[in-house]
Amino acid sequence: MKDVSVTYSSGVDALEHIHLKINDGDFAFVVGASGAGKSTLIRLLLKEIDATSGVITVNGYQLNTLKKKQIPELRRTIGIVFQDFRLISTMTVYENIAFVMRVIDSPVKLIRKRVPYVMSLVGLQDKANAYPNELSGGEMQRVAIARALVNDPKLIIADEPTGNIDPELSYEIVELLRTINMQGTTVLMVTHDHELVKRFGGRIINITGGQVVYDDIMEGTADEI
Ligand code: ADP
């Protein structure tokens, strides 16, 4: 993002003069109070909204000039994990993950190979036939991460992924995202959880009042990392 600002039609300046470079392979936490501009930042990356000014490039797509019909192509390079999981309750774990491959017309053969693979990556190979209401919060979020990952995106955006999960399981979710990151996927994780950020450390981007007030590497306190 080069000098990116967003002013909503209401007149609110949600982001002001943002300069941000997330490199391929980075893992970055985005922190900031409610109303700071974090969701606006994510919506920009997905081209759900346009910047009022400035230049944004995501995974090689220049968003300012991107045509409407190219937006699905851009979004296929990004996997998203939400706080509230957003699984389809009438589908099993396997079907929830396979569904996002079917949507983009992936060959059946590839689906049969790739879905079991991502299920094992997130440690849910034994839950293939379970429905979301038979899973814990942590397990549901693992399904959501598998779903975000299955089409092999360059970037995963996790928006408060631990917001509905117990602290100990939250730690495991971040560890899982870290593992995925180590295999080459860039991860951007928005969080309110300062304890979690302190434990893991790494690149921390703090947004306050629509501005990046801190963007640096902080050492984590967890000894196992
Ligand atoms: P965060 O995700 O950090 O809570 P947001 O990006 O949602 O922050 O909001 C940043 C600012 O923009 C806030 O002042 C919020 O009230 C305002 N805002 C968010 N969405 C809209 C919108 N669609 N229209 C007008 N103002 C908005």
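Some points to look at:
- The residues of region 124-180 that are part of a loop (DSSP other than H, G, I, E, B), under 17 Å from the mean Cα position of the chain (by Cα) and surrounded by fewer than 15 Cβ atoms within 10 Å (Cβ to Cβ) amount to a single one, Asp152.
- Every residue from region 201-225 that is surrounded by 17 or more Cβ atoms within 10 Å (Cβ to Cβ) and touching a Lys or Arg at 6+ places or on another chain (Cβ under 7 Å): Ile207
- Any hit, region 193-202, residues being without any contact (Cβ under 8 Å) to a residue 24 or more places away in the chain and of a type in the set (Lys, Arg): yes
- Looking only at residues of region 1-18 that are touching an Asp or Glu at 6+ places or on another chain (Cβ under 9 Å) and not aliphatic (A, V, I, L, M), we find that the one that is farthest from the ligand (Cβ to nearest atom) is His17.
- Evaluated against (1) open to solvent by 40 Å² or more (accessible area, probe 1.4 Å); (2) away from the ligand (no atom under 16 Å from the Cβ), Leu66 falls short on exactly one condition, (1).
- The one condition in (1) over 28 Å from Val4 (Cα atoms); (2) of a type in the set (A, V, I, L, M); (3) at pLDDT below 95 that Met218 fails to fulfil: (1)
- Checked against the criterion of being more than 25 Å from Ile217 (Cα to Cα), assigned by TED's automatic domain parsing to the domain that holds Gly209 and open to solvent by 40 Å² or more (accessible area, probe 1.4 Å), the candidates Val108, Val12, Val55 yield just one match: Val12.
- Unmet requirement for Tyr61, which otherwise passes all of (1) surrounded by 12 or more Cβ atoms within 10 Å (Cβ to Cβ); (2) within 16 Å of the ligand (Cβ to nearest atom); (3) more than 14 Å from the chain's Cα centre (by Cα): (2)
- Qualifying positions in region 19-46 - more than 15 Å from the ligand (Cβ to nearest atom) and of a type in the set (D, E, K, R): Lys21, Asp24, Asp26
- Matching entry among Arg142, Arg147, Arg199, Arg178 (being at pLDDT 95 or above and more than 24 Å from Ser106 (Cα to Cα)): Arg178
- Criterion (of a type in the set (A, V, I, L, M) and under 21 Å from Lys68 (Cα atoms)) met by exactly one of Ile22, Ile49: Ile49
The values are calculated or read from the model by the stated rules, or taken from the named source; none is laboratory data. Everything numeric in this text was worked out from a predicted model, so none of it was measured. We place every Cβ from the backbone using ideal geometry, glycine too, and count neighbours over all the protein chains shown. All accessible areas refer to the heavy atoms of the entire protein, side chains included, with ligands and DNA or RNA removed. Shrake-Rupley method; radii C 1.70, N 1.55, O 1.52, S 1.80 Å.
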